[in-house]
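What follows is calculated from the coordinates using simple rules that are stated; it is not laboratory data. Here the structure is a predicted model, which means the values were calculated and not measured. We place every Cβ from the backbone using ideal geometry, glycine too, and count neighbours over all the protein chains shown.
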């Protein structure tokens, strides 16, 4: 089906209670709400340097408790919340920022005593009203940028705070028109099928003044020609015919065995979300992010959120675990920034 269902609506309303507790700025309430929402045996995947965690308690001890101890007045502002069904599984997602004053070192990252905004996105696979599988994306490179510890060459795109939807209607707590959901999903899937094409067949699916909000390191781009400044060079870093994604295989068993495609892709009204862990990969043959292309194989963990208006896409939010991607290319962003990690 790929769109929101009646079960999705109940899950969204349940998830909204957790999101409200995150915004309450009460550590005790946040911990209690997480224990209620996450299944005790939930599998939780977090970007580098955390990676896989087993169970709600491990997530609280290794992620939330350190965050709450390092960021005074920590809370989370969400600007999108919706859900849908994908291959028989029910999902809910949210997007926004963790916010707080960085007063104590976090995982060895030195505190500077100032407010920070941690750009995040979160996917939950739901069963019986609880999350049994979670993917949490946090833009760690953007944190380094805010700390003045930038480890990469200057971005081609704009670096800065990532806004929510221009229409301010991303918190979809009620049922949406299923026909609009189907149109949104079809628009995105048709567009994705035209990526990596010589004639740039993806162009007709976008508003001419579209906004692409990328992860720190890639930056954000405005307008179709602005987006081309990122997409065209990115496509060229891969060795031709050795690219694997949700839509095509490379023919290289080592790579195809690691690329899982999207674990979820669904729509709810005018919004669509997808995620892959990893989503795609290939062999890098040109310089990228300061790393020389020498045929190295790498894969990419990412998630996308889109907003459709009429028959075209107008906004796209993308989070990528660039720290993990660069580690595969033997580039450690934390070491480059002079930071020795201390994992809990």
Check your understanding: Can you give the Rg to Rh ratio for the range 6-146, taking only C-alpha atoms and Rh from Kirkwood?
Key -> 0.96
Revision key, fill the gap. Residue separation between residue 77 and residue 241 times 0.36 nm, minus their alpha-carbon distance, gives in nm 54.9 nm
Review point. So in the range 6-146, what percent of DSSP beta bridges are antiparallel if you round to the nearest 5?
Key: 90 percent
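Grab the eigenvalues of the alpha-carbon gyration tensor for the range 117-252, scale each by 5, take roots, and send me the semi-axes largest first in whole angstrom.
Each semi-axis is the square root of five times an eigenvalue, giving 26, 24, 19 Å.
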Check your understanding: Counting only DSSP beta bridges with both residues in the chain, what percent are antiparallel, rounded to the nearest 5?
Key -> 85 percent
Review point. Could you state the number of Å between the C-alpha centres of the range 159-238 and the range 291-335?
Key: 14 Å
**Study point:** residue 343 paired with residue 13, simple spin-label distance in nm, labels 7 Å along Cα-to-beta-carbon
**Key:** 4.0 nm
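Sorted from largest to smallest, which semi-axis lengths in Å does the alpha carbon gyration tensor of the range 242-344 give for its equivalent ellipsoid, taking the root of 5 times each eigenvalue?
Details: eigenvalues 151, 74, 35 Å².
Semi-axes (√(5λ), whole Å): 27, 19, 13.
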Exercise for review: For the range 178-336, go through all pairs of different Cα atoms, get the mean of 1/r, take its inverse, and jot down that Kirkwood value in Å.
Suggested key: 16.3 Å
Check your understanding: Could you give the length gained on full extension between residue 190 and residue 32, defined as 0.36 nm per residue of separation minus the Cα-Cα distance, in nm?
Key -> 52.7 nm
Study note, to complete from the structure: Between residue 258 and residue 65, the two model label points (7 Å from Cα along the beta-carbon direction) sit apart by a distance in nm of 3.3 nm
Check your understanding: Most exposed first by the Cβ proxy, i.e. fewest other Cβ within 10 Å, how do 228, 303, 134 rank?
Key -> 228, 134, 303
Check your understanding: Can you list the equivalent-ellipsoid semi-axes of the range 69-167, largest first and in whole Å, using the square root of 5 times each Cα gyration tensor eigenvalue?
Key -> 29, 17, 13
Exercise for review: Of all alpha-carbon pairs in the chain, indicate the percentage at a distance above 32 angstrom.
Suggested key: 27 percent
Check your understanding: Can you put 90, 85, 122 in order, fewest other beta carbons within 10 Å first?
Key -> 85, 90, 122
Point to revise | Helix-only mean residue ellipticity at 222 nm for the chain, each DSSP H run of n ≥ 4 adding -39500 (n - 2.57), per residue, nearest 500 | key: -7500 deg cm²/dmol
**Study point:** Order of 75, 119 - criterion: other Cβ atoms within 10 Å of each residue's Cβ, fewest first
**Key:** 75, 119
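Assuming 0.36 nm per residue, please report the length gained on full extension of the stretch residue 232 to residue 101 beyond their Cα-Cα distance. Present the calculation step by step, with values, prior to reporting the outcome.
Details: separation 131, 0.36 × 131 = 47.16 nm, distance 3.80 nm.
Additional length available on full extension: 43.4 nm.
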